[in-house]
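Quick notes on the structure that follows.
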Amino acid sequence: DLGPYEDLSHATIADRKTVVFTENKAGTVFYVNGRTYAPNRTDFVSTLGTVEEWTVRNDSDEDHSFHLHTDHFQLMSTNGKAHDPTHGVYDTVNVPKRGAIVVRIHFRDFTGRTVYHCHILNHEDMGMMAVLDIVAPGASPRATRSG
Ligand SMILES: [Cu+2]
């Protein structure tokens with residue numbers, strides 16, 4: 001249950017982050033912000049209880065999709081075109097080729113490490129996934145293991 005729908009259009013934005021999806025020319029390796037998935041690496045840190053605005057850009061010639069575990073998000077725009085706020089929350093949104101979406105996320109309940117990734121399974125399997133650590137206010141991110 002997602003609970004009551006919350007419009008984040010006028011929320012205070014604690015941080016802005018940019019996610020960039022790319023792939024190699026052969027379409028065999030897929031990247032988030034230039035890196036393939038590494039489960040022991042923390043890519044982003046967010047604070048529980050805050051709202052963030054993320055721009056997800058697709059710098060490739062095929063569509064990808066943005067999926068975040070643990071917290072649903074509000075789609076604000078696709079390719080600069082505002083999205084109807086009454087359409088509510090999503091857990092996966094298409095990111096058009098050479099396009100971008102803007103989403104707002106309220107980190108409401110969960111703390112700990114989670115992942116965001118392309119929801120096309122073989123893209124995710126070939127690298128297009130990254131780690132978000134959601135920390136309680138005032139806490140520091142968990143130390144990531146080396147190697
Ligand atoms: Cu993809």
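Things worth noting here:
- Exposed trypsin sites (Lys or Arg not before Pro) absent: longest stretch of the chain, with sites in DSSP loops and at most 16 other Cβ within 10 Å deemed exposed: 42-96
- For the stretch 38-97, the solvent-accessible area works out to 44 Å² per residue, with a probe of 1.4 Å and every protein chain left in place.
- Counting charges near Phe30 (Lys, Arg +1; Asp, Glu -1) among other residues having Cβ under 9 Å from its Cβ returns a value of -3.
- Apportionment of accessible area to carbon and sulfur, the stretch 14-135, percent (1.4 Å): 51
- Taken along the Cα-to-beta-carbon direction at a fixed 7 Å, the label points for Ala14 and Thr55 span 2.2 nm.
- Taking all Cα pairs closer than 8 Å and separated by 6 or more residues, the relative contact order of the chain comes to 31 percent.
- Residues whose amide H falls under 5 Å from that of Lys97, counting only those 5 or more places apart or on a different chain, are Asp63, His64, with hydrogens built in the peptide plane.
- Share of Cα-Cα pairs in the stretch 14-135 lying beyond 24 Å, as whole percent: 21
- Relative contact order of the stretch 62-147, defined on C-alpha pairs under 8 angstrom at six or more residues apart (%): 31
- DSSP loop chymotrypsin sites (Phe, Trp or Tyr not before Pro) with at most 14 other Cβ within 10 Å excluded, longest remaining stretch of the chain: 6-109
- Built amide H within the under 5 Å cut-off of His119, gap 5+: Ser65, Phe66, His67
The values are calculated or read from the model by the stated rules, or taken from the named source; none is laboratory data. Since this is a predicted model, take the numbers as computed values, not measurements. Methodologically, a virtual Cβ is constructed for each residue, glycine included, from the backbone with ideal geometry; neighbour enumeration extends over all protein chains shown. Surface accessibility is based on the protein's heavy atoms, side chains included, excluding ligands, DNA and RNA. Shrake-Rupley method; radii C 1.70, N 1.55, O 1.52, S 1.80 Å.
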